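Below is one structure; the comments refer to it alone.
The values are calculated or read from the model by the stated rules, or taken from the named source; none is laboratory data. Since the structure is predicted, the reported quantities are computational estimates derived from the model, not experimental observations. Using ideal geometry, Cβ is built from the backbone for each residue, glycine included, and neighbour counts are taken over all protein chains shown.
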């Protein structure tokens with residue numbers, strides 16, 4: 001009897017998700033937890049990186065404010081999620097949500113705006129994304145490739161999720177983001193972010209396959225151009241949004257200079 005009861009419960013849960021078009025783990029925002037997770041992410045970034053700098057942050061203002069916004073970027077490492085959170089909430093003060101694969105590992109992130117995307121519930125996650133984006137005050141971040149790839153992996157291969165969302169939502173701002181982790185003059189790497197010009201959809205898309213090919217081709221050119229500019233030391237347009245003042249290297253260097261000066265002066 002218990003066995004059949006558990007099957008019935010699972011069936012009810014599945015039916016409940018289908019009726020509500022909810023993913024396995026929907027977002028359940030908690031204001032206090034959002035503040036805690038934002039603080040922790042900022043603390044972690046400051047501890048592990050020298051700085052976070054952004055180029056063309058004003059491009060965000062080119063969007064249509066009457067439409068919701070969908071940010072998308074390359075997923076090359078674990079830090080992409082915290083960076084997306086800092087960018088959307090700290091810099092742009094968005095009502096921010098994120099589609100997260102394997103959210104089962106960190107289900108508490110649902111209280112910060114995360115919701116799950118898994119193969120067995122991909123349809124529900126896409127419909128859930130569409131519902132969120134029907135509200136012009138909401139912002140969603142996704143990684144169209146669906147999993148983590150090395151930063152130099154080419155060619156890009158977007159999964160169909162972003163095209164399905166754009167087909168259903170019709171009116172939407174698509175905002176590409178290029179993120180580069182690089183060592184410059186400090187002992188820790190810096191994060192260089194470039195905000196692309198919004199792609200404003202006013203009547204949705206017609207052919208999903210053509211749209212997807214065009215989108216991934218343009219995005220590949222966008223992130224490759226950022227890498228090329230960085231290789232030429234073109235950093236002038238990047239503005240600091242986070243900076244770690246403390247550096248062991250600078251502290252040691254300063255003390256060594258003091259010792260050397262004192263020795264030679266005396």
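Inspect segment 233-243 for any residue being surrounded by 15 or more Cβ atoms within 10 Å (Cβ to Cβ) and either touching a helix residue (DSSP H, G or I) at 6+ places or on another chain (Cβ under 7 Å) or modelled with pLDDT under 95 (or both) and give the result as yes or no.
Checking segment 233-243: at least one residue is surrounded by 15 or more Cβ atoms within 10 Å (Cβ to Cβ) and either touching a helix residue (DSSP H, G or I) at 6+ places or on another chain (Cβ under 7 Å) or modelled with pLDDT under 95 (or both).
Of everything in segment 158-192, what is out of contact with any helix residue (DSSP H, G or I) (no Cβ under 7 Å at 6 or more places or on another chain), assigned to a loop (DSSP other than H, G, I, E, B) and either surrounded by 19 or more Cβ atoms within 10 Å (Cβ to Cβ) or on the phi < 0 side of the Ramachandran plot (or both)? Give them in sequence order.
Scanning segment 158-192 gives 159, 171, 183, 184, 185, 189.
Would you point out which residue out of 180, 157 is farther than 20 Å from residue 49 by Cβ and either free of Cβ contacts under 8 Å to residues at least 60 places away in the same chain or touching a strand residue (DSSP E or B) at 6+ places or on another chain (Cβ under 9 Å) (or both)?
157
Applying the selection to segment 53-89, what residues are assigned to a loop (DSSP other than H, G, I, E, B), within 16 Å of residue 223 (Cα to Cα) and in contact with a helix residue (DSSP H, G or I) (Cβ under 8 Å, 6 or more places away or on another chain)?
Matches in segment 53-89: 74 only.
Any residue at all in segment 159-168 that's at pLDDT below 95 and within 18 Å of residue 228 (Cβ to Cβ)?
Looking through segment 159-168, none of the residues is at pLDDT below 95 and within 18 Å of residue 228 (Cβ to Cβ).
Return the only residue of 97, 92 being closer than 18 Å to residue 169 by Cβ and either out of contact with any helix residue (DSSP H, G or I) (no Cβ under 9 Å at 6 or more places or on another chain) or in contact (Cβ under 8 Å) with a residue 24 or more places away in the chain (or both).
Going through 97, 92 in turn, the sole match is 97.
Spot the failing condition for residue 204; the list is (1) over 30 Å from residue 159 (Cβ atoms); (2) modelled with pLDDT under 90; (3) surrounded by 10 or more Cβ atoms within 10 Å (Cβ to Cβ), and only one is missed.
Tallying (1) over 30 Å from residue 159 (Cβ atoms); (2) modelled with pLDDT under 90; (3) surrounded by 10 or more Cβ atoms within 10 Å (Cβ to Cβ), residue 204 fails exactly one: (1).
State whether the residues of segment 36-43 include one that is surrounded by 14 or more Cβ atoms within 10 Å (Cβ to Cβ), in a loop (DSSP other than H, G, I, E, B) and at pLDDT 95 or above.
Among the residues of segment 36-43, not one is surrounded by 14 or more Cβ atoms within 10 Å (Cβ to Cβ), in a loop (DSSP other than H, G, I, E, B) and at pLDDT 95 or above, which makes the answer no.
Restricting attention to segment 211-223, which residues are surrounded by 14 or more Cβ atoms within 10 Å (Cβ to Cβ) and under 12 Å from residue 154 (Cα atoms)?
Listed by number, the residues that qualify are 216, 219, 220, 223.
Picking from 144, 155, which residue would you name as being loosely packed, with under 15 Cβ neighbours inside 10 Å and in a loop (DSSP other than H, G, I, E, B)?
155
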